[in-house]
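Visitor: This is the structure, below, for whatever I ask next.
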Amino acid sequence: PLTLSTRNNLAYTYNAVGRRDEAITLYEQVATDRARILGANHPHTLNTRNNLADAYESAGRRDEAITLYEQVVTGLTCVLCPDHPRTLTVRHSLACAYASAERHDEAITLYEQVAQDQARALGKDHPHTLTTLNNIAYTYRSVGRLPEAITLYEQVMKDQIRVLGEDHPGTYNTRRELADSYREAGRTDNSITLYEQLLVSSQRVLGADHPFTTAMCEELEDVRRELKQRDNPSAD
């Protein structure tokens with residue numbers, strides 16, 4: 001078991017430094033050996049198989065990742081329970097994989113189930129719960145359910161500001177996505193206000209040269225240009 005743990009950690013380190021093919025090969029070997037020695041549903045076996053699914057996902061091998069995530073979710077549900085934090089994490093990863101594969105209906109259904117279970121097991125204000133709600137809003141937006149996305153983004157933003165603070169990276173991400181959604185919905189004034197707030201905040205916290213600050217500056221300029229062209233179509 002100690003040898004297997006070291007091999008698993010070596011695969012993890014390969015993946016962390018971008019040596020993905022070596023990581024996948026070693027994860028596959030360790031997963032097979034752990035299943036043979038410890039059992040298919042042993043926590044260590046399931047951990048390696050989940051790491052392998054993550055590596056598949058990172059390598060763009062989404063179908064293999066999804067199949068493996070589904071198997072790990074089944075195993076964790078049997079060994080632990082559907083609401084165990086570890087199970088919830090892998091269920092969330094599976095929903096993300098569905099979304100990446102554009103299996104949006106399955107992603108939304110699973111995200112919504114995970115969010116409900118996280119709220120019950122971890123609390124409605126837990127960062128993991130808020131992250132899942134943010135992902136639901138993003139997927140709503142991806143399938144054209146823009147009003148629902150905006151409503152949910154607004155709710156998540158308020159909760160993140162209250163729980164995590166205005167300058168938390170997760171809050172920044174939600175505020176930016178909400179500003180983008182306002183812009184997409186034609187609510188230009190709302191998007192400009194939010195972009196301006198984000199720009200001021202990121203300049204103060206991250207600095208003027210940070211990539212996020214630069215992106216906010218560019219997006220604010222773009223939306224202001226769009227507003228000018230809308231109000232004065234003949235203007236350059």
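Visitor: For LEU10 and THR89, calculate 0.36 nm times their separation in residues minus their Cα-Cα distance, and state this gained length in nm to one decimal.
Guide: Working: separation 79, 0.36 × 79 = 28.44 nm, distance 2.24 nm.
Between LEU10 and THR89, full extension yields an extra 26.2 nm.
Visitor: How much FRET efficiency would the formula 1/(1 + (r/R0)^6) give for VAL205 and GLU112, where r is the Cβ-Cβ distance and R0 is 30 Å, rounded to 0.05? Show your work: numbers first, answer last.
Guide: Values: r = 32 Å, r/R0 = 1.08.
Taking R0 as 30 Å, the efficiency between VAL205 and GLU112 is 0.40.
Visitor: Using a 1.4 Å probe on the protein chains only, how many percent of the accessible area of region 146-236 belongs to carbon and sulfur? Walk me through the numbers before you get to the answer.
Guide: Values: 2440 of 5030 Å².
Its accessible area is 49 percent carbon and sulfur atoms.
Visitor: Considering the values (i) 1, 5, 9, 9, 9, 9, 9, 10, 11, 10, 9, 6, 3, 1, 0; (ii) 1, 7, 12, 13, 15, 13, 13, 10, 7, 4, 2, 1, 1, 0, 0; (iii) 1, 6, 13, 16, 17, 15, 12, 7, 4, 3, 2, 2, 1, 0, 0, which represents P(r) over Cα pairs in 5 Å bins from 0, in percent as calculated for the structure under consideration?
Guide: Comparing each candidate, only (ii) matches the computed number.
Visitor: Continuing with this model, one more query. Could you go through region 163-176 in sequence order and give the Karplus-derived ³J(HN,Hα) for each residue, using 6.51 cos²θ - 1.76 cosθ + 1.60 with θ = phi - 60°, rounded to whole Hz, and x for Gly and Pro?
Guide: These are the phi-based 3J(HN,Hα) values: 8, 9, x, 5, 9, 6, x, x, 5, 4, 4, 5, 4, 5 Hz.
Visitor: Going out from 0 in 5 Å bins, what whole percent of all Cα-Cα distances in region 33-100 drops into each bin?
Guide: All Cα pairs, binned at 5 Å, distribute as 4, 21, 30, 24, 15, 6, 1 percent.
Visitor: Within region 67-125, list the GluC sites (Glu not before Pro) lying in a DSSP loop whose Cβ has at most 15 other Cβ atoms in a 10 Å radius. It would help to have the intermediate numbers written out before the result.
Guide: Working: sites: GLU70, GLU102, GLU106, GLU112; in loops: GLU102.
In loop regions of region 67-125 (DSSP not H, G, I, E or B), the sparsely surrounded GluC sites (Glu not before Pro) are GLU102.
Visitor: What is the helix-to-structure angle for 104-121, meaning the angle in degrees between its Cα long axis and the longest Cα principal axis of the chain, kept from 0 to 90 and rounded to the nearest 10?
Guide: It is inclined by approximately 80 degrees.
Visitor: Then there is this: Select from VAL200, HIS44, LEU2 the residue farthest towards the positive end of the dipole of the chain; place +1 on Cβ of Lys and Arg, -1 on Cβ of Asp and Glu, and compute about the Cα centre.
Guide: Among VAL200, HIS44, LEU2, the one farthest towards the positive end of the dipole of the chain is LEU2.
Visitor: Using only Cα atoms, locate the centre of region 1-76 and the centre of region 128-165, then give the distance between them in Å, rounded to an integer.
Guide: Centre-to-centre distance over Cα atoms comes out at 31 Å.
Visitor: Can I ask one more? Can you check how the C-alpha radius of gyration of region 176-236 compares to 2.2 N^0.38 Å, as a plain ratio?
Guide: Numbers: Rg = 12.1 Å, N = 61, 2.2 N^0.38 = 10.5 Å.
Cα-based Rg divided by the globular estimate yields 1.16.
The values are calculated or read from the model by the stated rules, or taken from the named source; none is laboratory data. Keep in mind the model is a prediction, meaning the values are calculated, not measured. Please note: Cβ atoms are built from the backbone with ideal geometry, for glycine as well, and neighbour counts cover all protein chains shown. We work out accessible area using only protein heavy atoms, side chains counted, and drop any ligands, DNA or RNA first. Shrake-Rupley method; radii C 1.70, N 1.55, O 1.52, S 1.80 Å.
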